[in-house]
Each structure stands twice: as structure tokens, then as C-alpha cells.
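Single-structure report; data block below.
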Amino acid sequence: MKQNTLVHHFQVLIDEECCKGCGLCVTACPKQILELIPTRLNRKGYHPAHVTDIKQCIGCTSCAIMCPDIAIVIEGQVE
Ligand code: SF4
Ligand code: SF4
């Protein structure tokens with residue numbers, strides 16, 4: 001008998017120009033896959049957040065909820 005397997009694909013969309021580099025999303029992520037990019041500055045002069053390993057994202061949306069600037073949107077798909 002064939003087993004049904006759900007495959008989750010998530011995208012974490014971060015608006016770098018809205019990010020103020022506060023790091024709250026980095027702290028909130030249970031998978032520890034967010035970090036501030038030390039080598040990049042946005043137009044406001046902040047180090048923006050980015051995802052280091054999207055394959056580990058569980059789509060929990062903690063980062064998006066935590067972001068005070070609403071700079072993060074999670075998109076998901078189940079196959
Ligand atoms: S949705 Fe959850 S697991 Fe994915 S990056 Fe945000 S906090 Fe981390
Ligand atoms: S919580 Fe929002 S503003 Fe703060 S570092 Fe993350 S994306 Fe940037």
C-alpha cells in the first residue's frame with residue numbers, strides 16, 4: 001500500500017529595505033535558520049536578516065509575528 005507523504009515547501013520573504021536589523025526574528029526562530037547579514041547594509045544602514053537554510057523552515061511564522069516592521073512574509077505549499 002502506498003503511503004501518503006506530505007511535503008512542505010516554505011518561502012520566507014524578507015523585505016530587506018524594511019528591516020532594521022533588530023534581530024528579533026533571529027531569536028524567535030526555533031530552527032535557528034535566520035541571521036543578520038554582516039557584510040550587507042540596506043539603504044537605512046542596517047544589516048538585514050536572511051534565511052541560512054530554507055529547507056529547515058517549518059513555516060511556524062514566529063519570525064513574521066515577531067517582526068515589528070512587518071518585513072517578513074511566509075509562503076507555504078503542501079504537496
Ligand atoms: S517560519 Fe519559523 S522556522 Fe521558518 S524561518 Fe520563520 S521562525 Fe524560522
Ligand atoms: S525582526 Fe524584522 S526588522 Fe528585526 S531583524 Fe528581523 S526582519 Fe529585520
Handout entry: Fewest-first ranking of LEU34, LEU41, LEU6, LEU24, using other Cβ atoms within 10 Å as the exposure measure
Key = LEU6, LEU41, LEU24, LEU34
Exercise for the section: Go ahead and estimate [θ] at 222 nm for the chain from helices alone: -39,500 (n - 2.57) per DSSP H run with n ≥ 4, summed, over the residue count, rounded to 500. Expected result: -2500 deg cm²/dmol
Completion exercise
On the formula 1/(1 + (r/R0)^6), with r taken between the Cβ atoms of LYS44 and VAL78 and R0 of 30 Å, the FRET efficiency rounded to 0.05 is 0.25
Completion exercise
The Cα radius of gyration of the chain, divided by 2.2 N^0.38 Å with N its residue count, comes to 1.22
Fill in the blank from the handout: Footprinting proxy, ILE70, ILE58, ILE33: sorted fewest to most Cβ within 10 Å, the residues are ILE70, ILE58, ILE33
Problem - Reachable aspartates and glutamates from LYS31, criterion Cα separation under 19 angstrom, eight or more residues apart if same chain - result: ASP53, GLU75
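All of the numbers you see were taken from the coordinates with simple rules; none came from a lab. Bear in mind the structure is a predicted one, so any value in this text is a computation, not a measurement. Heads up, the Cβs are rebuilt from the backbone with ideal geometry, glycines too, and the neighbour counts pull from every protein chain shown.
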